[in-house]
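The values are calculated or read from the model by the stated rules, or taken from the named source; none is laboratory data. Everything numeric here is computed off the predicted structure, so don't read it as measured data. Every residue, glycine as well, gets a Cβ built from its backbone with ideal geometry; the counts of neighbours run over all protein chains shown.
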């Protein structure tokens, strides 16, 4: 299966998940707004979700998938791979249970570390602690889901893992609607927060049940036995420890951002998370798809010592990433007021909240290409079992992020915090690329640089068009449903036509790469697009 088709499969299903997630946040914003209960829930959701991205989908996946892929391709084949996965699962389950139990016991201290200012608002700190305990079991459940997903990815079955987030969002939407009706029947905002917190853990149960079924359907047979620390399991553990930091600088920065956001005015954390939803639309679709698809494929190239294939694969991934994120970042930055007004403002979400949120979106999306490119560059290290280098790079970026936050947050508030995240993420990805080039593991060829330069020309043309078009429909963004759909559709349509029209004229689109995207099955003699020259 080609990188392009794998990215298309994962990206398509991730897009479906992002649509449901977007609908979830729109609904939650209008039902809860940006007040006490909303902030408490956002913190309760941040904790298991960030640990999940940091450990389960970050460190664990990048260490486990290459090892499992090599075992699967080795002499023992599927039998040896299943045995290795069963050994890992038998240890992993107990680690997750122990960690979750300790975290739930220590939850008052964890919340105090991240949001001690919540104690200044009566009832806010206590609610955040209680809701965090309700949601935290989701971490253990979704971590097992991530393991099964990585296992299926190694078998080139990407669809189940890409689909499970849809289940999360469907269950959470059900929780919001249930909470709303319970509030109408005599409850309050805390009733809604309780309802959606319970739904988080319920969603984890649904996701694990689905992935268990998908794994068995794929013919993979796992057994949970007494924990055995085999040499392979110990090796995995040694790889996971540094990868926990190296693979998750963006997730670790979420904790840093949470700490600073909770020190600002009430509602700041909620507005940051809603703004990040717009940022996560292209980031999740493109970044997750590329990162998930490239890791097992790159591991196979490294295993067979195919340096040209590895270079070609990464070059194609970079081109896909920039082709999709450069125009997305520019469009989101220019059209942020329109999107925020149309989707989020209303109900308990005020116009003033919307103005702040739009500024946060602009600051965040400046780093959008970097958020995605890091998903392309990090697998080049992880597939070679080098988890140390990203650790040092991430450590430096995180320290700089904290220093910049200390300087800019008191001056620019929540918008400064978002801008600091974008800045340090860009610094992180530039450092990773420099190291890759020095080691000879990846380089920007003239052909690839030329392609990206032409993409920038098309992005600039699109930006000019949107800049002039935005004010002409300003009164429509807050209108009725028809006016919102019509005005946003016109913006998106104009941006799409101008970007891809100019891109076609200036040669920013690789016709062979696009042909692979359009074909369901590659031709027998089809050669992968080569941007490495």
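Odds and ends about this structure:
- Yes/no for residue 183 being assigned by TED's automatic domain parsing to the domain that holds residue 40, more than 21 Å from the chain's Cα centre (by Cα), part of a helix (DSSP H, G or I) and farther than 25 Å from residue 51 by Cα: yes
- Within the stretch 330-342, considering residues that are under 21 Å from the mean Cα position of the chain (by Cα) and closer than 13 Å to residue 484 by Cβ, the one surrounded by the most Cβ atoms within 10 Å (Cβ to Cβ): 340
- Any hit, the stretch 363-370, residues being over 18 Å from residue 274 (Cβ atoms), at pLDDT below 85 and crowded, with 23+ Cβ neighbours inside 10 Å: no
- Selection within the stretch 123-178 - surrounded by 24 or more Cβ atoms within 10 Å (Cβ to Cβ) and at positive phi: none
- Residue 224 being in a loop (DSSP other than H, G, I, E, B), in the same structural domain as residue 89 (by TED's automatic domain parsing) and either at pLDDT 80 or above or crowded, with 21+ Cβ neighbours inside 10 Å (or both): yes
- Applying the condition of being over 15 Å from residue 231 (Cβ atoms) and touching a helix residue (DSSP H, G or I) at 6+ places or on another chain (Cβ under 8 Å) to the stretch 69-84 and asking which residue is modelled with the highest pLDDT yields 81.
- Yes/no for residue 161 being at pLDDT below 85 and more than 27 Å from residue 68 (Cα to Cα): no
- Filtered residue count, the stretch 293-317, keeping only those that are modelled with pLDDT of 70 or more and crowded, with 23+ Cβ neighbours inside 10 Å: 6
- Within the stretch 84-109, residues that are not assigned by TED's automatic domain parsing to the domain that holds residue 71 have Cβ atoms under 8 Å from residues that are surrounded by fewer than 18 Cβ atoms within 10 Å (Cβ to Cβ) and at pLDDT below 90 in no pair, counting only partners at least 6 apart in sequence or on another chain.
- From the list 465, 449, the lone residue that is part of a helix (DSSP H, G or I) and surrounded by 15 or more Cβ atoms within 10 Å (Cβ to Cβ) is 465.
- Just one residue in the set 436, 491, 417, 430 is assigned to a helix (DSSP H, G or I), modelled with pLDDT under 95, surrounded by 13 or more Cβ atoms within 10 Å (Cβ to Cβ) and not assigned by TED's automatic domain parsing to the domain that holds residue 312; that residue is 491.
- Scanning the stretch 181-199 for residues that are surrounded by 20 or more Cβ atoms within 10 Å (Cβ to Cβ) and either under 25 Å from residue 122 (Cα atoms) or without any contact (Cβ under 8 Å) to a residue 24 or more places away in the chain (or both) turns up 189, 192, 193, 194, 195, 196, 197.
- Residue count for the stretch 206-230, restricted to those that are more than 21 Å from the chain's Cα centre (by Cα) and touching a residue at least 60 places away in the same chain (Cβ under 8 Å): 16
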